[in-house]
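Participant: After the structure tokens below, expect a handful of questions from me.
The values are calculated or read from the model by the stated rules, or taken from the named source; none is laboratory data. Note that the coordinates shown come from a computational prediction; the quantities given were computed from them, not determined experimentally. We place every Cβ from the backbone using ideal geometry, glycine too, and count neighbours over all the protein chains shown.
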Amino acid sequence: MFTRRFERRIYVATTVVLSSLVMGTAFGTYALWPANLERGYQPEQPIEFSHAIMAGKFKIECIYCHSEAEKGPHAGIPDVETCMKCHAVIQPKDARGELKPEIVKLLDYWERREPIQWEKVYDLADFVYFDHRRHLAPGTGLECADCHGPVETMDRVERVYSLKMAWCLDCHMEPPPAGAPPEQLTRASIHCSTCHR
Amino acid sequence: MKDHRLPPLLATAWRAAGLAVRDEVLHPPARIDRRTLLELMAASSALALGAGCDRKPPRKIVSMHDAPEYLHPGQPLHYATTWTDGPVPYGLMVRNLDGRPVKVEGLPEHPLNRGTATAAMQAALMSLYDPDRLRAPRRGEAEIGWDEVDRIVVEALRAARKVVLLTRAMLGPAERALVARFVAACRGAVHLVHETVHDGARRLAWRVAYGADGELRPRYDRARVVLSVDCDFLGTDGDVLGATAGWAARRSPATVAATEELSRLWIAEAGLSVTGANADHHLSLLPSAALGLVGALRAALGGDGAALGRWADAEHVERRVLDTLAADLRDHRGEAVVVAGAHLPASVHAAVCLLNDELGAAGTTLEWCSAPATLPPDDPAKIARAMESGVDVLVTLGVNPVYDFPGGEGAALVAKARLAVGHGLHRDETLHACHLALPSHHGLESWNDALLGAGSYGLCQPVITPLFASRQEAESLLAWTKALAPGDPELQAAADWPAWLRRHWARNVLAGEPDTAWDDALRRGFHGMRQAEAFPALNRKGAEAWAGRAPSARGEHELVLLPHHAVFDGRFAANGWLQELPEPITKLVWDNAAVLAPATAAALGVEDEDWISVRSGDRAVNLPVLVLPGVAAGVVVTTLGHGRTAAGTIGTERGVNVAPLLPETPRMGERIVTRVDVQRTSGPNHTFARTQKTFSMEGRPIVLRGTRQEYEANPHFPAARTHSTPDSQLHPDWDYSTGHKWVMAIDLSRCTGCSACVVACNAENNIPIVGKDECTNGREMHWMRLDTYYGGDAEHPEVHSQPMLCQHCDNAPCETVCPFNATAHSPEGLNEQVYNRCAGTRYCANNCPYKVRRFNFFDYPKLATTDPVQELAYNPQVTVRMRGVMEKCTFCVQRIHEAKFRAADADRPVADGDVRPACQQTCPAAAIVFGDGNDPASRVAALARSPLAYHVLGELNVRPNVNYLARIVNPHPALSAPPGAGAEGGGDR
């Protein structure tokens, strides 16, 4: 029916199409895998606030601004007043002697008495109940960076870990710490209601 | 077409794998044309894309501007306040999360309710976030500003010659003082109090009998014998929380010191109320015969038993029963109390005062309170007289006369006012009829106070910034009074209503107290405990004169109008939690009915859902019939509060308004009509939504009931009546030897069936309402329900109430059938439901013998949400479930975790009582106890060891973790059946 030449072309074309389909699917699956979608999420914020400067250069403790992390379920985002504790005095200027634009934005929020609407980087599903206080309690040995990555190197905060359930379980299912009661089989509870209520 | 070549796809694959392919080998060819190939490609890429979709929508995290230091995100704050919307000023503890109230609970230290709450109190949350609330002042249909309102009202008040201020009865001392100033400042002003459900008749009789306005407070905790004359003191009549706590304290052998201490409850009533359902002896009583019964009992106590016999014969009651009742009262002088329903005429109450005096109840089982929380209401006839000739300005504060004025004349009266100003939460019937409709603050947005008794004051504080452009009624009154009385220095000194309130407290309540007293009162929610008062002397002559009045004339049928158990007099009709709260006895939701005895219905030739017309004088109301055993023959019992025509999407056009049938002659709040004409009539097809379809236990041991005599003879009788659980089983037992093991115990002797726990559960666990149609389909979502069963005979049935919730079985049948492992067992004995795993096969619900699993047939949160303000009511500590997900009681697992966290922070183990699920916390009867079964010292472990403890359907070997304690009733030995009779839980209906 077909000429030999045309038939060869069909073989070649099909091979190309199929292999690209396989590779494309593999790549797409990887790129769109929910955990990979979350990793690397780095939204633009209303103020270009740099953790690299605050936490990296000036070595301000996380807890100074996210003061609720050791007290309650939510680490909390600092109120504008907390920013102003320093920035009422520290107001860097650019080469022309004008206030830097990001500082101007902050002062405007303060003047307008307006809360800042940050983009949520770490956003768990509504059916997940995570408690910062429990994870930072003495004995857990956890640091902020264990889940949030090296924030002190980031100009714009990026989600380093997926925070998906499998990622949580990696840690929860580790062997129990020395001295744990014998019925404890894992490092932390893996029962449904621990996180889902 | 014949083709012997290798299909190109296959050949490519083989060649790619390095294999030589002979073209001739494979046949026949599977042809893939271009079209199919493209389709396949499109489908696979769509699959690849569709699986991952996109990252979920971004969300904001909003910092505060300057956060108060006491505010911790995600951590609750509790505020003490007072419930000013209802008939009794109970204390509220409001749980605030991130600046919004998410749960209303009882105030633990409060002198009246001590931490418990009624259904209506808890449902206040839903009213607060009601999207149908009036949001801004209106003149006709136009929205206007408050300045404009004040200008119009003050101008009209200045020019007026006749002003009527119509308020509800619940006014605090500070507001009463302000009302007095208003009346003084306005020319021709009169303050009238309008209520349809109140105790005006009782108050009148007490005033006559004791010479002063006040109220009697029965002490059920001290009474060994209680006689209720048509008084639903456990349901809707008076201080139900105090009464339930006191009554329940003497009902359970598990918690009283000795069985001799158990109390006995007699009731003679027209319908079948919650109190009647809990009575040891139930007599039918026509309302017109109440006076005769009390009189005959008085005579019998005085030594003349003949009158009692005559009464018994006339009312077709067994003489033996009444003689036993008289003897029981006589034998318990000083430990007996008689109470009569607020809807009965003052003559009955006067007679009851005399009877109580003869029983030595004064100062023992009855206490006197000279400072009732409510003002005595005015007679409707007086209100009508004041308004029918027309008034210049009518101001209504939180009342709805257009809906509920006796005789249905409210609309005509309001229309006669030259300027009608209505203040209310909703644009209800009255506000529609008013020229100015003014939105009020909700009670949770208000400053107020209340009288709790002599020397005891409740303080009401706002727990949220007002949601809408509303203003508190008292604030309006203050603004107008200030404008009318510019020379009054005291008024002018009060910048606003909170300032007035504080000033009033400083002078009258906290005079001589340290400066911290105000902050202290705010923190505690009240000031001062109630002081014991001397019991006033009885004016025997005055009381006799009232008691000697002729009883009401008797007709063929008699009508009793009671407040609805949930929506009360209609004020809570816009509240979905309350509309969907099943009536404790009939399980009716979203509706009211004419409740008839089977005999009455048969005589009229009607059945359930048929219509009757009830005519009193020239007014008639058509009602659907609900036949209920236990109701007195010849009586029509119905409830007020339904048939609203302007109560938002929830409350409008639900049921029938029976307020036109209220007697309008000067009768001080009587709510009986002893001569009504009842006829069968036709009406639209009506369907009752009832959450329970069958009321018989079919002889199975579901609710176990035993008499005190049976219990004394064999405390272990429940074990003999339930089937034993097999000793061995296929599955291995769970190992609970370490850690916690959560267990619940429910004492059926204490539970009255009041259903407050249902609303507590709704609020705590974000349980949606589904509406009448879905309730008819059996798809209500309540995790906690009250099952009601009838036993005994149809005339005086035994009624059994049983709270039913997930039993958290050790061998849970639901767990083994879930194909997704979405319901799992926790090492602490909880049966966990994981919403995000659930795919909605509903296998678990089918396999649950208790029918406690609920399925989200629709996306109720989205369907029910018409306004974002409703979302504020959600408890953020519990997931809001979507369509297609199964859900059920979790034992309030969020509270378990909270208690564990608190204990871990304090570095101590979780103590008994640290975890209280919402149902236990609110239970007025303290019937529910939760705790760690592994802790032998815990209360729940002690109850589970009680000989009365049994498991429902234990024979299925599901090993439930809810222990029910068999209900012990205390009938008089002379009347109780010999032990052994009716041995299985309860008979057929």
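Participant: Just to be sure I understand, how many residues within region B:585-623 are surrounded by 24 or more Cβ atoms within 10 Å (Cβ to Cβ) and more than 22 Å from B:Pro660 (Cβ to Cβ)?
Facilitator: Looking only at that region, the number is 3.
Participant: Within region A:48-99, restricting attention to residues that are touching a strand residue (DSSP E or B) at 6+ places or on another chain (Cβ under 8 Å) and surrounded by 14 or more Cβ atoms within 10 Å (Cβ to Cβ), which residue is farthest from the other protein chains (Cβ to nearest Cβ)?
Facilitator: A:Leu99
Participant: Let me ask another. Tell me which residues, restricted to region B:851-881, are under 19 Å from B:Ala822 (Cα atoms) and either of a type in the set (Ser, Thr, Tyr) or assigned to a loop (DSSP other than H, G, I, E, B) (or both).
Facilitator: Correct list: B:Lys851, B:Val852, B:Arg853, B:Asn856, B:Phe857, B:Val878, B:Thr879, B:Val880, B:Arg881.
Participant: Which pairs do you get when a residue that is within 14 Å of B:Ala185 (Cβ to Cβ), found in region B:148-166, comes within reach of a residue that is modelled with pLDDT under 95 and surrounded by fewer than 17 Cβ atoms within 10 Å (Cβ to Cβ), reach meaning Cβ atoms under 6 angstrom, with the pair 6+ apart or on two chains?
Facilitator: Listed by first residue and then by second, the contacts come to B:Val163/B:Gly188.
Participant: To continue, here is another question. Answer with yes or no whether B:Arg853 is more than 14 Å from chain A (Cβ to nearest Cβ) and either more than 30 Å from B:Ala469 (Cα to Cα) or within 26 Å of the chain's Cα centre (by Cα) (or both).
Facilitator: Details: more than 14 Å from chain A (Cβ to nearest Cβ): yes; either more than 30 Å from B:Ala469 (Cα to Cα) or within 26 Å of the chain's Cα centre (by Cα) (or both): yes.
Considered against the rule, which asks whether it is more than 14 Å from chain A (Cβ to nearest Cβ) and either more than 30 Å from B:Ala469 (Cα to Cα) or within 26 Å of the chain's Cα centre (by Cα) (or both), B:Arg853 comes out as yes.
Participant: Give me a count of the residues in region B:733-766 that are away from every other protein chain (no Cβ under 14 Å) and either of a type outside the set (A, V, I, L, M, F, W, C) or part of a loop (DSSP other than H, G, I, E, B) (or both).
Facilitator: Residues in region B:733-766 being away from every other protein chain (no Cβ under 14 Å) and either of a type outside the set (A, V, I, L, M, F, W, C) or part of a loop (DSSP other than H, G, I, E, B) (or both): 11 in total.
Conditions tested, residue by residue: (1) within 14 Å of chain A (Cβ to nearest Cβ); (2) touching a helix residue (DSSP H, G or I) at 6+ places or on another chain (Cβ under 9 Å); (3) of a type outside the set (A, V, I, L, M).
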| site | (1), (2), (3) |
| --- | --- |
| B:His800 | no, yes, yes |
| B:Leu805 | no, yes, no |
| B:Asp810 | no, no, yes |
| B:Val817 | no, yes, no |
| B:Glu832 | yes, yes, yes |
| B:Arg837 | yes, yes, yes |
| B:Pro849 | no, yes, yes |
| B:Phe858 | no, yes, yes |
| B:Glu871 | yes, yes, yes |
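Participant: Now, a different point. Looking at region B:688-714, I want the residues that are at positive phi and have a partner that is surrounded by fewer than 21 Cβ atoms within 10 Å (Cβ to Cβ) with Cβ atoms under 8 Å, at least 6 apart or on another chain. Which pairs are those?
Facilitator: Hits for this filter: B:Glu698/B:Asp988; B:Gly699/B:Glu984; B:Gly699/B:Gly987; B:Gly699/B:Asp988.
Participant: Follow-up question, since we're still on this one. Given the options B:Gly140, B:Gly172, name the one that is buried (at least 20 other Cβ atoms within 10 Å of the Cβ), of a type outside the set (D, E, K, R) and modelled with pLDDT under 95.
Facilitator: Exactly one residue qualifies, and that residue is B:Gly172.
Participant: Of all residues in region B:297-311, count the ones that are outside any loop (DSSP other than H, G, I, E, B) and more than 36 Å from the chain's Cα centre (by Cα).
Facilitator: 9
Participant: Is it true that some residue in region B:545-557 is in contact with a helix residue (DSSP H, G or I) (Cβ under 9 Å, 6 or more places away or on another chain), outside any helix (DSSP H, G or I), buried (at least 24 other Cβ atoms within 10 Å of the Cβ) and not charged (D, E, K, R)?
Facilitator: Yes, that holds for at least one residue.
Participant: Which one is surrounded by the most Cβ atoms within 10 Å (Cβ to Cβ) among residues in region B:702-738 that are in contact with a Ser or Thr (Cβ under 9 Å, 6 or more places away or on another chain) and of a type in the set (Ser, Thr, Tyr)?
Facilitator: B:Tyr711
Participant: Related question: Does at least one position in region A:147-154 carry a residue that is small (Gly, Ala, Ser) and either exposed (fewer than 15 other Cβ atoms within 10 Å of the Cβ) or under 26 Å from B:Val878 (Cα atoms) (or both)?
Facilitator: Within region A:147-154 (the criterion being small (Gly, Ala, Ser) and either exposed (fewer than 15 other Cβ atoms within 10 Å of the Cβ) or under 26 Å from B:Val878 (Cα atoms) (or both)), the answer is no, since none of the residues qualifies.
Residue-wise test of (1) within 7 Å of another protein chain (Cβ to nearest Cβ); (2) assigned to a helix (DSSP H, G or I); (3) surrounded by 15 or more Cβ atoms within 10 Å (Cβ to Cβ).
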{"position": "A:Phe6", "(1), (2), (3)": "no, yes, no"}
{"position": "A:Arg9", "(1), (2), (3)": "no, yes, no"}
{"position": "A:Thr14", "(1), (2), (3)": "yes, yes, yes"}
{"position": "A:Ser19", "(1), (2), (3)": "no, yes, no"}
{"position": "A:Val22", "(1), (2), (3)": "no, yes, no"}
{"position": "A:Phe27", "(1), (2), (3)": "no, yes, no"}
{"position": "A:Ala31", "(1), (2), (3)": "no, yes, no"}
{"position": "A:Gly40", "(1), (2), (3)": "no, no, no"}
{"position": "A:Pro46", "(1), (2), (3)": "no, no, no"}
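Participant: Scan region B:908-925 and tell me whether some residue there is within 14 Å of chain A (Cβ to nearest Cβ), within 17 Å of B:Leu830 (Cα to Cα) and outside any loop (DSSP other than H, G, I, E, B).
Facilitator: Yes, the conditions are met somewhere in region B:908-925.
Participant: Within region B:342-447, considering only helices (runs of 4 or more DSSP H) that don't extend past its boundaries, which have at least 3 residues that are more than 30 Å from B:Met126 (Cα to Cα)?
Facilitator: Output list reads B:346-358, B:380-388, B:410-415.
Participant: Does at least one position in region B:708-727 carry a residue that is among the acidic types (Asp, Glu) and over 19 Å from B:Ala949 (Cβ atoms)?
Facilitator: no
Participant: Using the structure shown, decide if B:Arg320 is more than 22 Å from B:Glu795 (Cβ to Cβ) and basic (Lys, Arg).
Facilitator: The answer is no for B:Arg320.
Participant: Being closer than 21 Å to B:Phe688 by Cβ, surrounded by fewer than 17 Cβ atoms within 10 Å (Cβ to Cβ) and under 26 Å from the mean Cα position of the chain (by Cα) is the requirement here; does B:Lys862 meet it?
Facilitator: When the stated conditions are applied, B:Lys862 does not pass them.
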